[in-house]
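Working notes for the structure below.
Each reported figure results from applying straightforward, stated rules to the coordinates on display, with no laboratory input. This is a predicted model, so every value here is computed, not measured. Cβ atoms come from the backbone with ideal geometry, glycine included; neighbour counts cover every protein chain shown.
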Amino acid sequence: MPLSQTHAIAILGTGSHVPERIVTNDDLAKLVNTSDEWIHTRTGIRERRLAGPGETTTSLALGAARAALADAQLEASAIDLLIVATCTPDLPMPATACLVQTALGLPATTACFDLNAACTGFVYALDTAWALLASGRYRHALIIGAEKMSSAIDWSDRTTCVLFGDGAGAAVLGPAPSGSGIVATKLGAIPGTSDLLLIPGGGSSPLAPGAPRHIQMKGKEVFKFAVRAMDEVCRDLLTPLGLAPQDVALVVPHQANLRIIHAIAEYLELPHDRFFANVDRYGNTSAASIPLALDEARRAGRLKRGDLILLVAFGAGLTCGGALVRW
Ligand code: UT7
């Protein structure tokens with residue numbers, strides 16, 4: 001297929017998988033000096049899922065992948081591109097995508113790689129897969145956002161441990177049924193902001209060996225960036241197409257904090273119910289957050305054929321990105 005020829009690409013199916021273990025705010029209040037009242041008022045979070053013994057980023061990814069394939073009514077063997085967005089891979093190498101490939105029984109001709117854009121990872125994976133499929137070089141992609149954030153948490157730090165959860169979400173992408181498809185994407189990253197949200201240890205930097213292997217965050221600064229960046233991404237996606245926020249049927253934003261979601265709603269002058277939110281039940285699952293929300297929105301009947309859906313995220317980097325999809 002000539003590279004210049006592009007094809008309409010759509011999300012053909014979604015799936016998600018979370019650990020069974022529910023940890024409430026009251027449970028965390030036994031661990032650190034916090035309360036359900038503080039956590040819920042400041043973040044909207046009531047509970048999160050945390051991986052049990054034997055559960056890994058790969059096992060969560062697999063559950064989501066199988067559900068997405070079933071929803072798309074596609075055999076695993078049809079997948080020729082597999083991208084796992086994660087910042088908590090099982091191992092530094094090989095890529096989690098290769099572990100998922102083996103477990104799913106995908107053929108040796110499948111291109112498999114991980115992508116790390118932290119909480120923006122799924123949107124980065126969607127954009128990457130869209131480009132590769134639209135070029136005609138691959139036909140069906142499985143993109144997964146999967147995280148075991150509990151492995152990167154300092155459980156004595158109340159400023160971060162109450163925010164995150166474990167889980168996975170996935171989507172199958174392929175040739176679009178007529179009228180549907182990915183319309184536009186936008187990715188970005190702000191230079192010089194890496195110290196606002198990071199895991200200092202565990203890498204190959206000379207500073208890394210002694211540094212903590214846990215998330216450190218300047219929450220207030222990240223909050224301000226998140227609202228500004230997500231508002232900008234939404235407008236940058238809509239305005240060039242002559243669209244207004246009101247043309248969007250549902251926004252599926254990164255689930256970090258309900259106050260951030262509501263702030264974007266105010267900026268875009270949209271009612272809160274135009275935003276899908278499940279942060280109350282899962283906390284921030286990083287790259288898994290958008291596909292997990294998208295799958296729940298689909299299963300709740302919130303995605304109607306022909307609707308314009310807007311995905312928008314921010315995360316460590318600091319990165320940001322969005323995608324406009326005709327469902
Ligand atoms: O995917 C990207 C991930 N990151 C984010 O999305 C983070 C974005 N930022 C936020 O969501 C918010 O900034 C937080 C939820 C992290 C914090 O909310 P805040 O309203 O910005 O609170 P704050 O950091 O200004 O803290 C207010 C107070 C502080 O006490 P003092 O200094 O006023 O005495 C904190 O020590 O709340 C204290 N505090 C807590 N108290 C009870 C911080 N964490 C807790 C806690 N329980 N868990």
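Brief remarks follow.
- Taken together, the residues in the stretch 298-324 that are part of a strand (DSSP E or B) and either hydroxyl-bearing (Ser, Thr, Tyr) or more than 16 Å from the chain's Cα centre (by Cα) (or both) amount to 2.
- On the stretch given as the stretch 98-127, residues that are in contact with an Asp or Glu (Cβ under 9 Å, 6 or more places away or on another chain) and without any contact (Cβ under 8 Å) to a residue 40 or more places away in the chain total 6.
Results for (1) within 22 Å of the chain's Cα centre (by Cα); (2) within 13 Å of the ligand (Cβ to nearest atom); (3) not basic (Lys, Arg), shown as yes or no for each residue.
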site: 19; (1), (2), (3): yes, no, yes
site: 28; (1), (2), (3): no, yes, yes
site: 34; (1), (2), (3): no, yes, yes
site: 42; (1), (2), (3): yes, yes, no
site: 59; (1), (2), (3): yes, no, yes
site: 78; (1), (2), (3): no, no, yes
site: 89; (1), (2), (3): yes, no, yes
site: 113; (1), (2), (3): yes, no, yes
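- Filter result for residue 18 (of a type outside the set (D, E, K, R), buried (at least 18 other Cβ atoms within 10 Å of the Cβ) and in contact with a Phe, Trp or Tyr (Cβ under 8 Å, 6 or more places away or on another chain)): yes
Residues checked against (1) within 11 Å of the ligand (Cβ to nearest atom); (2) within 27 Å of residue 274 (Cα to Cα):
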| position | (1), (2) |
| --- | --- |
| 153 | no, no |
| 160 | yes, no |
| 167 | no, yes |
| 195 | no, no |
| 219 | yes, yes |
| 225 | yes, yes |
| 231 | no, yes |
| 247 | no, yes |
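- Cβ pairs under 6 Å, 6+ apart, first in the stretch 243-254 and touching a residue at least 40 places away in the same chain (Cβ under 8 Å), second of a type in the set (Ser, Thr, Tyr) and within 16 Å of the ligand (Cβ to nearest atom): 254/289
- Only one of 185, 193 that is within 16 Å of the chain's Cα centre (by Cα), under 30 Å from residue 92 (Cα atoms) and among the polar types (S, T, N, Q): 185
Residue-wise test of (1) within 24 Å of residue 11 (Cβ to Cβ); (2) surrounded by 15 or more Cβ atoms within 10 Å (Cβ to Cβ); (3) touching a Ser or Thr at 6+ places or on another chain (Cβ under 6 Å).
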{"residue": "223", "(1), (2), (3)": "no, yes, no"}
{"residue": "230", "(1), (2), (3)": "yes, yes, no"}
{"residue": "235", "(1), (2), (3)": "yes, yes, no"}
{"residue": "265", "(1), (2), (3)": "yes, yes, no"}
{"residue": "274", "(1), (2), (3)": "yes, yes, no"}
{"residue": "301", "(1), (2), (3)": "yes, no, no"}
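- The lone exception for residue 75 - which of (1) touching a Ser or Thr at 6+ places or on another chain (Cβ under 8 Å); (2) under 13 Å from residue 12 (Cα atoms); (3) among the acidic types (Asp, Glu) it fails: (1)
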